[in-house]
Amino acid sequence: MIYDEDTAQQIRMCAACPKMCRHVCPTFLAWRSESPTPHGRALLLHQEIIGTRQLDDRAIDVLYQCLECSHCLTWCLPEIDIADIVETRRRQLVEEGRFPSGLNNMVDSIRTHHNPYKEPHEKRTSWLKIPKNDGRSLIYFTGCTAAYRENSIAQDAVSVLSSLGYQVGIPKDEWCCGSPLLRTGFVEDALEQARYNVEILNSMDAEEIVVTCPGCYRVLTQDYPKYGLEINKPVRHIAELLQSHLKSLPEFEIDGPVTFHDSCHLGRHSGVYEQPREVIERVSKGALVEMERNRDNAMCCGNGAGLRTLFPEHAKKIGAERVRQAERTGAKYLVTSCPFCKNMLESQAKDRLIVLDLPELVEMAKKRSHVKTD
Amino acid sequence: MLDSKIKTKIAKQLEGIVGAQYITTQETDTVLNAHDAWPLSEAKIRAGEMLPLADIVVFPGSTEEVSEVLKIANKNKVPVTPVGGGAGTCGGTLPIYGGMQLDLKRMDKVLDIDHKSMLVRVEAGMVGIDLEEEVNRHGYMLGHTPTSMRASNVGGFLATRSGGSMSSLYGKIEDLTLGLEVVLADGSIVRTKAVPRHSVGPDLRELFIGSEGTLGVITEATLRLFPIPEERRFRSMAFVDVHSGLEAIRRIFRVGIVPSVVRFYDPEDTAMAMSQHFDVKEGDSMLLLAFDGAAEKVDHEERVSVEICKENGGKDFGDGPAKRWWAHRYDMYYPTKFTTAGFSIGDTIDIVATYDKLENVYRAMKTAMEAHEAFVMSHFSHMYQNGGSIYMIFFTSQPDAETAWATYRKIWDDGVAACLREGGTMSHQHGVGLSRSTYTEDELGSSFQVLKKIKDVLDPNGIMNPGKLGLGVQQ
């Protein structure tokens, strides 16, 4: 058995729970069925553990119809972390060669191109314009989504960091952090990316590393150490860094309320809730309005843990619902601090909301204000 | 179970109605859809037993699709088990004869809010908490707060004739429903008009509320709304015995005060639920009250209620215990290591009786259930002018599955027998499902034949949720 006794007991409890968290499960919303729900996943695993029934192909699909967003954990009095339990079984499924074939392209792309988008590796950060600066040295680990899909986040991050006086360095040969691989069970492939990144990052001369992607942040700060890979510099998410420079950030008169979407990796998985809010409050002069579901009760955007790769239409349904929740606040701007979330939310918001990542909002403030940011 | 050729044929026809993505014959889906929150099902799941499975699960998206699905089922005489949130506590959605589970979760929309009449028209598959949150956004509340609120659906509320913790003031779901849309076994769609009262013959709406899918599938309802009260105030009083507490409750209602919450815990339940947090004397029974409304009204109701309680020996515990219960009212629904260990099983027999019988029913049931070495604790809740409900909660732990399930059944048999003997009714809000199915005839007496005749007329092929409510039991 891959689970210890305590975890098996938790799975058994979850399998027979009267569904106290199902109402916030994004995949329940997307499918409106008992199958892709926390207790559904637990029931399949419980039956497997005690030998009642083995996982069939459909059961494996169900285990991959999970965002690993841990929203269920917020509502779980016995604190059963079904996301972690699912990920553990996914690792085993990959070892058994029983993962959904829809993941093959993503895995192959990361193996070959070091990004999940099949984009040429050499173009990863070559386009980024890095201003010269003599300030404190800092490495910006861009992550795949900002590098290939959300370029303005990466460029604005560099611009904002430079404005704050940092000498920004970009790893010459950064690889995917491995998050998409880890979350879907491909540990060995992820570790290959990880080892390379650690070597590159450790060889660079800088005071710290900053990331804009919460997926990267979680992997660099939590998963790498778990697998014995230590980065020799502190890693901060840009929300944390910006919050530490709050008084130096520009302010501007924004033309509408701003609401904030907590990414699961930054919020529930890393406990960073207040820093991005403080940054938004500062630069927008108090224009933040909260969604009903915020902080540890925030709904996932629908992109996580391979769901968008395997079930894109259902992922979009979830993203669309999160946009509806944002619209309900009356906000004009939907800000997040995750390129992957931004990508999904913007695709669903169409022209109903202006969707920005945190560095983009700060860059906007910089351009529209006349306050010096040094 | 269906013959594989028939199953394939029917599945194909259903695909034509709802679309291929909204029907499944995969065993994994039928396993995951099989159970509701019946403690016996949950215990069997933990013990590794397989529950009865449907052959097909179908997810219609509209009343018209429900109608077409039922026409096919009726023509082929396939059992149909309607499923809402799958949160019932009596096994009402277990597909014991296989066939089709008709899952309404896709029908989850608010269709209209009538602000002038304070009504909401909603599809049956909407989860309770989603509906509550939506009407809250408009300044209303449903007044219906079952503990299963996060999991149960509107259709399930209605099918089981459910009640929430504030039913004393706002009523049970039958009091909160003005209009219904129901699809009968032959696919015909029936609508009862949403009006506050009428005198046009018997109220057919009432026929379907509590019918547990045996007479048709509820697809839509028009429910009452209440403005969110200006204030909800809590008060708690402890009594030296059950009798004096019940007397206080009875007198509060008698003077015309209707609290929103009335929960009275017997000494065992008080010890279990309160003594860890409050300094309650051993053997005392705790009464929790809440009053809703404008401040002046609440002031008056609270003051008079406290006076009555004190006249009956009540000791004032302020708002603490009642407030704490409100904040944690869903917590007892979660599994714990204690309640899920080994072959443990706990359940609640939620009976109802008039005041003249209530205390006798309580004592008789407690004696009968404890005879099987069950731990029994109770609270009187959902109290009204003429009587109220008792939650007879029991817990048993046995060395093996066979003994556990047999003991569970004996506790139920003897508990319900004692209730009926003393003039109580065997369910206030949980319904009948499978757990009470065998007692229905005894409970209803001569009126059971009327129910059977209605069933035979509306569902001549006996396809609608057979085996539940004591109807359509197959040998």
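The values are calculated or read from the model by the stated rules, or taken from the named source; none is laboratory data. Remember, predicted model here, so these are calculated numbers, not experimental data. All Cβ positions, even for glycine, are placed from backbone atoms using ideal geometry, and neighbour counts span all protein chains on display. Side chains included, ligands, DNA and RNA excluded: accessible areas come from the protein's heavy atoms. Shrake-Rupley method; radii C 1.70, N 1.55, O 1.52, S 1.80 Å.
Quick look at the values:
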item	result
Residue in the range B:461-475 that is nearest to B:ARG436 (Cα to Cα), counting only those that are modelled with pLDDT under 95 and open to solvent by 40 Å² or more (accessible area, probe 1.4 Å)	B:VAL473
Residue that is among the β-branched types (Val, Ile, Thr), open to solvent by 10 Å² or more (accessible area, probe 1.4 Å) and more than 22 Å from A:PHE28 (Cα to Cα), where the choices are A:THR329, A:THR336	A:THR329
Search result, residues across the range B:127-144 that are touching a helix residue (DSSP H, G or I) at 6+ places or on another chain (Cβ under 9 Å), within 14 Å of another protein chain (Cβ to nearest Cβ) and open to solvent by less than 20 Å² (accessible area, probe 1.4 Å)	B:VAL127, B:GLY128, B:LEU131
Top-ranked residue in the range B:38-80 [being within 13 Å of another protein chain (Cβ to nearest Cβ) and open to solvent by less than 10 Å² (accessible area, probe 1.4 Å); ranked as nearest to B:ALA404 (Cα to Cα)]	B:ALA43
Flag for B:VAL376 being under 26 Å from B:HIS243 (Cβ atoms) and among the β-branched types (Val, Ile, Thr)	yes
Single residue of the range A:302-326 satisfying the filter (in a loop (DSSP other than H, G, I, E, B) and at negative phi) that is surrounded by the most Cβ atoms within 10 Å (Cβ to Cβ)	A:ASN303
Qualifying residue in the range B:345-355 (condition: in contact with a Pro (Cβ under 9 Å, 6 or more places away or on another chain), surrounded by 24 or more Cβ atoms within 10 Å (Cβ to Cβ) and outside the structural domain of B:SER285 (by TED's automatic domain parsing))	yes
Residues located in the range B:356-408, provided they are surrounded by fewer than 21 Cβ atoms within 10 Å (Cβ to Cβ) and of a type in the set (Lys, Arg)	B:LYS357, B:ARG363
Residue in the range B:12-31 that is within 13 Å of chain A (Cβ to nearest Cβ), charged (D, E, K, R) and touching a residue at least 12 places away in the same chain (Cβ under 8 Å) present	yes
Every residue from the range B:122-143 that is closer than 17 Å to B:GLU64 by Cα and either in contact with a Ser or Thr (Cβ under 6 Å, 6 or more places away or on another chain) or of a type in the set (Asp, Glu) (or both)	B:GLU123, B:ALA124
Per-region count, the range B:27-37, residues open to solvent by 20 Å² or more (accessible area, probe 1.4 Å) and within 15 Å of A:TRP31 (Cα to Cα)	0
Some residue of the range B:85-94 being assigned to a strand (DSSP E or B), crowded, with 22+ Cβ neighbours inside 10 Å and either more than 13 Å from chain A (Cβ to nearest Cβ) or hydrophobic (A, V, I, L, M, F, W, C) (or both)	no
Of all residues making up the range B:324-342, the number that are open to solvent by 60 Å² or more (accessible area, probe 1.4 Å), more than 9 Å from chain A (Cβ to nearest Cβ) and more than 20 Å from B:SER165 (Cβ to Cβ)	1
Residue in the range A:191-207 that is nearest to A:SER369 (Cα to Cα), counting only those that are acidic (Asp, Glu) and assigned to a loop (DSSP other than H, G, I, E, B)	A:GLU207
Qualifying residue in the range B:141-164 (condition: closer than 30 Å to B:TYR97 by Cα and among the charged types (D, E, K, R))	yes
B:ASP114 vs. criteria surrounded by fewer than 24 Cβ atoms within 10 Å (Cβ to Cβ) and outside the structural domain of B:GLN429 (by TED's automatic domain parsing)	yes
Residues of the range B:313-323 classified as part of a loop (DSSP other than H, G, I, E, B) and open to solvent by less than 20 Å² (accessible area, probe 1.4 Å), total	1
Failed condition for A:MET344, given (1) open to solvent by less than 10 Å² (accessible area, probe 1.4 Å); (2) modelled with pLDDT under 95	(2)
Helices (runs of 4 or more DSSP H) lying entirely in the range A:1-114 (those with 3 or more residues that are facing chain B (nearest Cβ under 8 Å) and crowded, with 22+ Cβ neighbours inside 10 Å)	A:5-15, A:38-49
Conditions (1) modelled with pLDDT of 95 or more; (2) touching a Ser or Thr at 6+ places or on another chain (Cβ under 6 Å): number failed by B:ALA294	(2)
Qualifying positions in the range B:420-460 - in a loop (DSSP other than H, G, I, E, B), closer than 24 Å to B:VAL78 by Cβ and open to solvent by 60 Å² or more (accessible area, probe 1.4 Å)	B:PRO460
Scan of the range B:180-227 for residues that are closer than 15 Å to B:GLY156 by Cα and among the polar types (S, T, N, Q), ordered by number	B:SER211, B:THR214, B:THR219, B:THR222
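Let's see how each residue does on (1) assigned to a helix (DSSP H, G or I); (2) in contact (Cβ under 8 Å) with a residue 40 or more places away in the chain; (3) not assigned by TED's automatic domain parsing to the domain that holds A:VAL335:
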site: A:THR125; (1), (2), (3): no, yes, yes
site: A:LYS129; (1), (2), (3): no, no, yes
site: A:LYS132; (1), (2), (3): no, no, yes
site: A:ILE139; (1), (2), (3): no, yes, yes
site: A:ALA147; (1), (2), (3): yes, no, yes
site: A:ASP156; (1), (2), (3): yes, yes, yes
